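Comments concern the structure below.
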């Protein structure tokens, strides 16, 4: 048997180190999947809310009077919360989290407008929601914040700019 060669020792160290990394990735992967289930679950509830809203549009007689206000506000509120939870799981940079909060606020203001359409401030809620949605899209077009592609949204950026001369 003798003394292990230098290659054998390096091979064992590499295998041991790789095993530790793999185990850690497996644990993180499970935790990541478990954490991502919360916003996904909220998203499923949101989609059920959208289905109820569309059912109201098709068969309004099946719902109580004034149900539309709540049915319209619910999915807007839920998607705002789900998106913030999703961003929290992703742990984005501060600028990205700020932008996510801006978008969530727009959805919440829109929800407020839907829930309290007769309130004097309803028009203000609507106008603020419009302003935040427009600002959000403007920031996307302006490239702020500068981020890497988000694989969870299947985004990809070319490694080199396309050749516009051809």
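No lab work stands behind these numbers, since they all come straight from the coordinates. Predicted model, so just to flag it, every value in this text is computed and none were measured. Here the Cβ is made from the backbone with ideal geometry for all residues, glycine too, and neighbour counts use every protein chain on show.
Below is a table of values for the structure above.
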read-out	value
Gyration tensor (alpha-carbon) shape descriptor, the stretch 61-155, a/c threshold 1.5	prolate
Projected label distance in nm at residue 133 and residue 44, using a 7 Å step from Cα toward the beta-carbon	2.8 nm
Residue 146/residue 52 FRET efficiency (R0 45 Å; Cβ-Cβ; nearest 0.05)	0.70
For the stretch 115-149 versus the stretch 61-103, the gap between their alpha-carbon centres in whole angstrom	13 Å
